[in-house]
Structure formats: structure tokens, C-alpha cells
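Visitor: Right, I'll just put the structure down here and ask away after.
The values are calculated or read from the model by the stated rules, or taken from the named source; none is laboratory data. Please read all numbers here as calculations on a predicted model, not as lab measurements. Cβ sites come from the backbone with ideal geometry, for glycine too, and all protein chains shown count toward neighbours. Accessible surface areas use protein heavy atoms only, side chains included; no ligands, DNA or RNA. Shrake-Rupley method; radii C 1.70, N 1.55, O 1.52, S 1.80 Å.
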Amino acid sequence: MPADLLVLGQLQEFDVVLGMDWLARYYATIDCGARTVTFREPGQEEFTFRGCRSTLFATWISSARARQMLSSGCFAFLATVVEIGEDLRYEERPVRILARETKELRNRVIPYVKVQWSNHEERETTWEPETVMRESYPDLFVAPS
């Protein structure tokens with residue numbers, strides 16, 4: 001289970017901060033009371049990570065408290081877990097097509113597809129020429145059986 005982790009010195013009370021996308025990708029279940037994270041990835045043996053026994057493990061702060069900390073000079077970090085290849089390169093891949101649209105010019109019609117990309121939420125989509133996407137990602141256009 002690869003993860004690109006950053007050291008966050010300001011968060012000394014936390015063992016680790018994991019993104020929801022990463023947790024979902026590895027079918028993770030968090031049990032705060034038992035201080036465990038259980039991974040049930042299909043086709044893999046179940047694995048349970050046990051956190052430290054510190055009472056600070058399950059510490060949460062409200063958005064109001066976060067604003068207060070930021071205004072007093074604390075640093076804030078927004079982290080996104082991304083998947084990288086063996087060669088340590090980051091690659092965006094289309095996940096699915098959400099919509100289709102055509103642009104009409106004077107003498108031709110250009111079909112576009114609205115694409116959701118890996119490591120991005122559905123609201124972060126882009127419109128791409130359908131011919132380019134079909135050429136680059138033909139599997140994206142195969143109908144599910």
C-alpha cells in the first residue's frame with residue numbers, strides 16, 4: 001500500500017493523517033476506540049494496523065479551532081494522497097466519462113467528453129476532445145458487460 005507521506009511537525013499529537021480516497025482504495029475501516037485501522041482489500045489477506053496507546057490518537061479539532069490556530073500563526077497543510085509509479089512519476093488517468101457534448105463550428109462538429117481524472121473529485125472534471133481521448137484511452141470507451 002504505497003503512500004506519499006509528508007512530515008508535519010505541527011501535528012505532533014497524530015500518528016498519521018490519511019486521505020479518504022486512500023482509505024477507500026484499500027478498503028480501510030477505522031476503529032478509533034480500539035485505535036486500529038483494518039484493511040480488507042479484495043483478494044488480499046486482512047491486515048490490521050494498531051496505533052499507539054496514547055489518548056491523543058483520536059484527537060480532533062473543529063473548524064473554528066482550526067481558524068483560531070491559523071490566525072495565531074500556526075501553519076496549515078492540505079494533503080492529497082496520490083499514486084505514483086515504480087519510476088516515481090505521477091500520472092493522471094481518466095476514470096470515467098460523465099457527459100458528452102458537441103461544439104459546432106462553421107463547417108464541422110467536434111465531440112467532447114467530460115472526464116473525471118484519477119486523484120481528483122468529480123467536481124474537478126475537464127472537457128476533452130472525444131477523438132483524442134479515444135486514441136489515448138480506448139478502454140475508457142468499452143461498454144461494461
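Visitor: Pull out a ≥ b ≥ c, the square roots of the eigenvalues of the alpha-carbon gyration tensor of region 94-141, then state rounded if a/c is under 1.5, prolate if not and a/b is larger than b/c, and oblate in the remaining case.
Guide: oblate
Visitor: What is the extension gain from E135 to F49, computed as 0.36 nm multiplied by their sequence separation minus the C-alpha to C-alpha distance, in nm to one decimal?
Guide: Gain on extension, E135 to F49, equals 26.7 nm.
Visitor: From largest accessible area down, sort I97, I84, I30; use a 1.4 Å probe on the protein chains.
Guide: From most accessible down to least: I30, I84, I97.
Visitor: Just want to confirm a number: the relative contact order over region 94-141, from Cα pairs under 8 angstrom separated by 6+ residues, in percent. Please report the intermediate quantities before stating the final value.
Guide: Values: 71 pairs, mean separation 16.2, N = 48.
RCO, region 94-141: 34 percent.
Visitor: Beta carbons within 10 angstrom, averaged per residue: use that to sort the peptides 37-45, 98-106, 114-122, highest first.
Guide: The peptides rank, most packed first, as 114-122, 37-45, 98-106.
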